[in-house]
Amino acid sequence: MYQILSGVVLVLALPAWVARRRYGAAAVTVALGAASVVVTVTVWLLGRWTEGQRWAGLVGLAELAVLLLSVVIGLRTEDGPWCAAGAWTACGAVALWPSRFTIFEGPAAALTLFGFGSMLSLPAVLTGLYLRGLDEGRRKAVAEARRAQRLELAHDLHDFVAHDVSGMVAQAQAGAYLAGIDPARAAEMFQRIEQAGQRALASLDRTVQLLRSEENGGRGPQPGLAELAEVAERFTATAGTEVRLELPEEPVPREVEGTVHRIVVESLTNVRRHAPGAREVEIRARRSGGRLELTVTNDGRAPGPAGRPRRGGGSGLPGLAARVEALGGSLEAGPHERAAWRVTAVLPLEEAGAGPAGS
């Protein structure tokens, strides 16, 4: 009758899985492994089962699977003493499991148990460590992409400051000349200088916060909204997908222009890679109050090769999200109505130093 003890670990598996969110996977692995050891010791005291008791054996195999799965999850998601304790406890419980059916005595018997436990536990341990390595590599890749995007943005902001300052110098020289012959035009000139100075100060503040490297490379003029028409035409010609482009008529800060350009290029690249059967891509950038709202939508599941599920992406969108967040905005990507796919970015204009543009 006490064969029912073989189901203790399985009964505890479900509440343990729920409790892992609060206590961690390693603590759950320790608890399940300890429960299995307690069951084994209890069987020793009450009398070992026989190999003919199939019910206890089948349930025991499910118990072993639960223990090994908990080892994989614990090693993948956590690190440190608790993780090691969980792996040792669960693997030890797996090694002791055969002793519920027969008495093992002597060094040879101990070696048999060790071999049984190693044969089952070693693949689980290696699998958990391998998956953790993959996760760490993925996190490092995303972190590196974020760092590269922040450094790139910092360089861009430096370029924008230099542009504004050079414009201020030129306008100041012209204003000094006009002050004596046309005071009204000189006043307008000095007002534009003030606006350019405010933009430069806002860009400089972000540069100081973001720049963490002394790298200085040759960088040409950064692309903006004006280049998107050419990007759309080139994409339509090469990919066979119609691109509908709507851009704001009023000027926006150069930092925002550069970010919008990169988001559109990355989105079109993802369409080419993950939705080659898309028939139409709609790009809309509209001013709404003090914000610029950008949406890039494609019918990525239209009839054709794109009907298959999308493959996993890389670190392009996470890096762009960091760039958008550095400007005080937000970026989201996901399914849209009728199985389409949409990238949405909201970028503040006032915080980015927008103001009445001077010419």
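Descriptive notes on the structure:
- Candidates Arg212, Arg199, Arg139, filtered to the one that is at pLDDT 75 or above, farther than 15 Å from Thr259 by Cα and of a type outside the set (Val, Ile, Thr): Arg139
- Only a single criterion out of (1) assigned to a loop (DSSP other than H, G, I, E, B); (2) over 28 Å from the mean Cα position of the chain (by Cα); (3) free of Cβ contacts under 8 Å to residues at least 40 places away in the same chain is not satisfied by Pro248, namely (3).
- Hey, Phe116 hydrophobic (A, V, I, L, M, F, W, C), touching a Lys or Arg at 6+ places or on another chain (Cβ under 7 Å) and surrounded by fewer than 18 Cβ atoms within 10 Å (Cβ to Cβ) or not: no
- Scope segment 262-295; condition part of a helix (DSSP H, G or I) and open to solvent by less than 20 Å² (accessible area, probe 1.4 Å); matching residues: Ile263, Val264, Ser267, Leu268, Val271
- Yes/no for Val18 being in a helix (DSSP H, G or I) and at pLDDT 90 or above: no
- Subset of segment 23-69 [part of a loop (DSSP other than H, G, I, E, B) and either open to solvent by 40 Å² or more (accessible area, probe 1.4 Å) or at pLDDT 90 or above (or both)]: Arg48, Thr50, Glu51, Gly52, Gln53
- Selection of segment 10-39 for residues being closer than 22 Å to Val125 by Cα and not hydrophobic (A, V, I, L, M, F, W, C) yields Arg20, Arg21, Tyr23, Gly24, Thr29, Gly33, Ser36.
- Qualifying residue in segment 92-110 (condition: in a loop (DSSP other than H, G, I, E, B), under 22 Å from Tyr130 (Cα atoms), free of Cβ contacts under 8 Å to residues at least 60 places away in the same chain and open to solvent by less than 40 Å² (accessible area, probe 1.4 Å)): no
- The condition of being in contact (Cβ under 8 Å) with a residue 24 or more places away in the chain and either under 18 Å from Phe101 (Cα atoms) or open to solvent by 40 Å² or more (accessible area, probe 1.4 Å) (or both) holds for Leu10.
- A single member of Ala95, Ala87 is under 32 Å from the mean Cα position of the chain (by Cα) and at pLDDT 85 or above, and it is Ala87.
- Flag if Thr127 is over 18 Å from Gly7 (Cβ atoms), of a type in the set (Val, Ile, Thr), assigned to a helix (DSSP H, G or I) and open to solvent by 50 Å² or more (accessible area, probe 1.4 Å): yes
- Selection count where residues are part of a helix (DSSP H, G or I) and in contact with a strand residue (DSSP E or B) (Cβ under 6 Å, 6 or more places away or on another chain), scope segment 231-245: 3
The values are calculated or read from the model by the stated rules, or taken from the named source; none is laboratory data. Predicted model, so just to flag it, every value in this text is computed and none were measured. Positions of Cβ are backbone-derived with ideal geometry, glycine not excepted, and every protein chain shown enters the neighbour counts. Note: accessible area is taken over every heavy atom of the protein model, side chains too, but ligands, DNA and RNA are not part of it. Shrake-Rupley method; radii C 1.70, N 1.55, O 1.52, S 1.80 Å.
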